[in-house]
Amino acid sequence: MTVGPTMPPRFHLECSVSCGAGPFDAGHPHHLCHCGRPLLARYDWARIGAGWSRESLRDAVPSMWRYAPALPLDDGDRAVTLGEGWTPLVPAPALGAELGLERLLVKDEAANPTNSFKARGMSAAVTRAHALGAATLAVPSAGNAACALAAYAANAGIEAQVFMPRDVKTPFIRECRLHGAAVTLVDGLITDAGRIAADQGRRSGWYDVSTLKEPYRVEGKKTMGYEIAEQLGWRWPNWIVYPTGGGTGIVGIWKACEELEALGWVKGPRPRLVTVQAAGCAPMVRAFDAGADTADPWEGAATVADGLRVPAAVGDVLVLRALRGSGGTAVTVSDDDMVRGMHDLGRREGIGAAPEGGATLAALRQLVRDAVIAPDDEVVLLNTGGALKYLDLVEER
Ligand SMILES: *Cc1c(COP(=O)(O)O)cnc(C)c1O
């Protein structure tokens, strides 16, 4: 028996669709709300803002934990960190000139531990799971989330069980094993992996770290939004273009917009958010175009971008809400155009991009061509992961 905290944590959990249940005490493990929708962490911004300023960040650690007061780290907890976040916002002038854009930037998440932005979410989730005393963490993943969980669980001294589709690329499996995770390969997609992980986990008492079923991964991912605002001098770009699978990245950036406004740190219009999906798996784009509030599962999902091969997402309502609330949009790109995007980012800017990162450039080309994005708009592309685990795609061309 561990001795519980003497004070409740300085954050709590609320239903993301305000079904009326809760609030929930963050001092205990929680997953989805009773209504089946995600829970989100809420903070007392007046209190946090009274003791925290933008200026104090000048001396803060160069990782996402520079925003610790806005993260699920309670007094006395240890942050499980490998130096994730505070990634560069790289100007892309050559591609900008080609597209006729004066201000094109790439937020390069390849600089994270295990080579993707999934590190941020897992740093936050494993920190909280560690504080709550979890013994075994389990996650279904298309690849990068498994690698990130494996690394952070290893750092925290907690066992990791990862479940991936059998056809996942070999480097992902090896990287998980490198960090000592137990790897299970399943027939089917990430949704099938999720079912199997949940079944085994229920019987074995594992702590499920599935995206948005677990409420703290999104807290780590929201720091991409905090960083973009800080790196631009506490203002937003006109557009943020994001490759969307489960949607936690979009939901996190939108949450950052709300929170930075609540803190009074960023004024002025919020960025318009663009969801990019693969033509072979585009449930969010289809729902956005149909004006729907939820996304039906995509049949026969197929794309070279593993992170985008997510046929159904528990956070669909939140993604669609963020897209519409921001005045954003949703587009699909072909696998060929994604790989072309990887090559363009690599050749023209020196940026090593995963196909998901290449997808954002392909989407940008469409949006500029269709005059949705204007020449004087400032655009940030999210390169969510690095090229190194996908080099087979480069060789094939
Ligand atoms: C997981 C992943 C995505 C999708 O992110 P979501 O937050 O699930 O929408 C995009 N790119 C890469 C490289 C990923 O690993």
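The values are calculated or read from the model by the stated rules, or taken from the named source; none is laboratory data. Owing to the predicted nature of the structure, the values given are computational and were not obtained by experimental measurement. With ideal geometry, Cβ positions are generated from the backbone for all residues, glycine too; neighbour counts draw on all protein chains shown. Areas reflect the complete protein model, heavy atoms only, side chains present, ligands, DNA and RNA absent. Shrake-Rupley method; radii C 1.70, N 1.55, O 1.52, S 1.80 Å.
The orientation-averaged projection of the convex hull spanning the C-alpha atoms of the stretch 139-234 amounts to 7.1 square nanometres.
Of the solvent-accessible surface of the chain, computed with a 1.4 Å probe and all protein chains present, 51% belongs to carbon and sulfur. A full extension of the chain between Gln366 and Asp187 corresponds to an added length of 61.0 nm, given 0.36 nm per residue minus the alpha carbon distance. Run a plain Debye calculation on the stretch 60-202 (Cα atoms as equal point scatterers, no solvent) and give log10 I(q)/I(0) at q = 0.09, 0.19, 0.20 Å⁻¹, rounded to two decimals, same order as the q list. Results for the stretch 60-202 at q = 0.09, 0.19, 0.20 Å⁻¹ read -0.33, -1.05, -1.12. The GluC sites (Glu not before Pro) of the stretch 296-380 meeting both criteria, a DSSP state outside H, G, I, E and B (loop) and at most 11 other C-beta atoms within 10 angstrom of the site's C-beta, are Glu299. Taking every alpha-carbon pair under 8 Å whose residues sit at least 6 apart, the chain reaches a relative contact order of 17 percent. Shape descriptor for the stretch 303-388: Rg over Rh equals 0.98 (Cα atoms; Rh from the Kirkwood inverse mean 1/r). When you count the other C-beta atoms within 10 angstrom of each residue and take the mean per peptide, 136-145, 268-277, 304-313, 153-162 line up highest first as 136-145, 304-313, 268-277, 153-162.
Packing here is the average count of other Cβ atoms within 10 Å per residue, and on that basis the peptides 331-340, 184-193, highest first, run 331-340, 184-193.
Each peptide in 242-252, 315-325 receives the mean, over its residues, of other Cβ atoms within 10 Å, and ordering these scores from highest gives 242-252, 315-325.
DSSP assigns beta bridges within the chain; of those with both partners inside it, close to 25 percent run antiparallel.
Given a cut-off of under 8 Å on Cα pairs at least six residues apart, what relative contact order in percent is computed for the stretch 118-208? 32 percent.
Multiplying the residue separation of Ala292 and Leu89 by 0.36 nm and removing their Cα-Cα distance gives an extension gain of 69.7 nm. Taking the Kirkwood radius as Rh and the Cα radius of gyration as Rg, the stretch 11-70 has a ratio of Rg/Rh equal to 1.10. So, in Å, what gap is there between the alpha-carbon centers of the stretch 127-173 and the stretch 290-363? The stretch 127-173 and the stretch 290-363 have Cα centres spaced 23 Å from each other. The residues of the stretch 109-151 expose on average 15 square angstrom of accessible surface per residue, using a 1.4 Å probe on protein heavy atoms. The convex hull defined by the C-alpha atoms of the chain has an orientation-averaged projected area of 18.3 nm². With K and R counted +1 and D and E -1, the other residues having a Cβ less than 12 Å from that of Asp208 yield a net charge of +2. For the chain, adding -39500 (n - 2.57) for each run of n ≥ 4 DSSP H residues and dividing by the number of residues yields -10500 deg cm²/dmol at 222 nm.
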